Amino acid sequence: MRRWTSSTWRRVATVTVTAVCVGYAPIAMTELWPYARPGAPAFGEWLLGHTVSPRYVADALATRIGPYRHSLIPMIVHSVLGGLLMLLGPAQLLTATRRRARLHRALGVLFALTVYASMAGAGLYLARTAPRDAFSGAAFWIVLATILLGTVLSVTLGILAAVGGFPDLHQRWMLLCYGYLLTAPLLRLEWGALPAVLPGLPMTEINRVALMHLGSLVVFGALLASRAKDRRDTVDGLGRSWAPLPVTAAAHLAGAAALVWIVRALSAYDADGRRLLAGYLVPYALAYAVMALGARRAARDGRPWAREEWRIQLTGLCLAPVVSAGAVAFLQRTLDLGRFTALTAGVAVGCGLTAFGATLVVSLRLVHAREVRRRSAPAPLPAARQTAAVP
C-alpha cells in the first residue's frame, strides 16, 4: 500500500475545503429567501430536513421569523456576500499557489471589500437583535460578535502585512480570516451530523454543543495551513525564543488550573453541562496533541522557526482556559447573564481569542527578526569610497 506523503495530505485538505466552500455557497446565498418570500426554495433547509428530519428544522427556524425579518436586508447582504466569499477563498488560494500575482491581487481587493460589506450586514443584525433573541440565546450572540470582530481584524491586518511587504504574515492573517469565515459551513455540517451522536436534541441544543469547539477547530485549521505553506527551517534574525521553557511551563500550569475549574463548573449542570464539556475537551485535546508533537518534531529535526511558531501557538492554546475563565466573570458582570449562559459563551470564545493573540505574537516575532536583520546588515559604503575601491 502506498504511504501518503505530506504533499498528498495537503492536496486532500485543499480539495476537501474547496468542496465544502463551493457546496455551501448556494446554501448561504439562498438561506434568507423564505423570509423575504414565503415558499421560496432554501437548499440548506431542504438538505438538513432530509438529513435529520423536517420537524427538527421547522421547530428551530420557527423562532427566527421575527428577528430575521426585523433585519432582513442586512441579513440578505450578509448571506449573499458570505456565499461569494466561499468562492473567493479557494480562488485566492489557487492564484497564490499558481503565482498569478496580478489576478491574486485583484481578487484580494474584491475579497477584502466583500468581507467588510458582509460583516457590516452581520453587525447591523447583531446591533438590532437583543442577545436573548439570537438563535439558542445570548451565548450564540456573543460568539457571533467575537467571530465578526476576529474576521474584520484579521483581514485588516492581512492587508497591512501585504502593504508592508510581509507576504508570510499576509498569508497567515488571511488564512485566519478565512478560518473564521468557515465557521458558517462547519456549523451547518454539525447541525446535520451531531444529531446522529446526540439523538433527540433540538437544533438549539446541538448549536450550543457546536459552539464549544467551532472556534478552536477553525483557528487550528488555519494554523495547520500556515505551517504547511511555510516550509522554512529558520528565519534570519530569529535569535532567542519568545516561548522559552519557563514561559511554556507557566502557561501549562495556569491552563491546567483553569481547565480544572471549567470541568468542575460545567459538570455542575448535569447532563447539559457534561455534554458541552465533552464538546469542548475532545477537540482541545486533539489540538494540543498536534501542536505539542509539531514542536517536538521541529526541535528534533533542527527547524528553529517551525519550533518557535508551534510553541507560541501551543502557549496560546494553554492560556485559552484562563481567558475563558476571565471571560465568564466579565460576561456575568457586564451583560448580567445567567451563570450557565456566561459559562457557555466564555468557554466558547477562549480558543478563538488566544489563537488571534498567538498569531499576533508570531507576526511581531517576524517583524522583530526583520528589524534585527536590517540592523545587523553592514552599512553601505559612501559613494566616493565605492568609486575609489573600483580598480
What's the angle, to the nearest 10 degrees (0 to 90), between helix 304-335's Cα axis and the longest principal axis of the chain? 40
Between the alpha carbon centres of the stretch 259-332 and the stretch 118-173 the gap in Å comes to 22
Through the Karplus equation 6.51 cos²θ - 1.76 cosθ + 1.60, θ set to phi - 60°, convert the phi angles of the stretch 202-208 into ³J(HN,Hα) values in whole Hz; use x for Gly and Pro. x, 4, 4, 6, 4, 4, 5
What percent of all Cα-Cα pairs in the stretch 210-299 falls into each 10 Å bin, going from 0 up to the bin containing the maximum distance? 13, 36, 33, 14, 4, 0
Between Val247, Ile142, Ala101, whose Cα lies farthest towards the positive end of the dipole of the chain when Lys and Arg beta carbons carry +1 and Asp and Glu beta carbons carry -1, centred on the Cα centre? Ala101
Run the dipole for the chain about the Cα centre, Lys and Arg Cβ at +1, Asp and Glu Cβ at -1, nothing else charged, and hand back the magnitude in debye, nearest 20. 1420
Relative counts (whole %) of C-alpha pair distances in the chain, using bins that are 20 Å wide: 25, 56, 16, 3, 0
Listed residues Leu113, Leu72, Ala130: farthest to the positive end of the dipole of the stretch 62-139 (Cβ charges): Leu113
Mind listing the phi-derived Karplus ³J(HN,Hα) values for the stretch 176-191, rounded to whole Hz, using 6.51, -1.76 and 1.60 with θ = phi - 60°, and x for any glycine or proline? 5, 4, 5, x, 4, 5, 6, 4, 5, x, 5, 5, 5, 4, 6, 4
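Let me know the shape class of the stretch 1-132, please: from the alpha-carbon gyration tensor, a ≥ b ≥ c as square roots of the eigenvalues, rounded when a/c is under 1.5, otherwise prolate if a/b is greater than b/c, or oblate. Display every interim value, and only then the final one.
Numbers: a/c = 2.81, a/b = 1.49, b/c = 1.89.
Cα axes put the stretch 1-132 in the oblate bin.
Give me the one-decimal Kirkwood hydrodynamic radius in Å for the stretch 118-253, with the sum taken over alpha-carbon pairs.
On the way: mean 1/r = 0.0575 Å⁻¹.
When all Cα pairs of the stretch 118-253 are included, the Kirkwood radius is 17.4 Å.
Every number in this text was worked out from the coordinates using simple rules, so none of it is lab data. Since we're looking at a predicted model, the values are computed, not measured. Ideal geometry is used to build each Cβ from the backbone, glycine not excepted, and the neighbour counts take in all protein chains shown.
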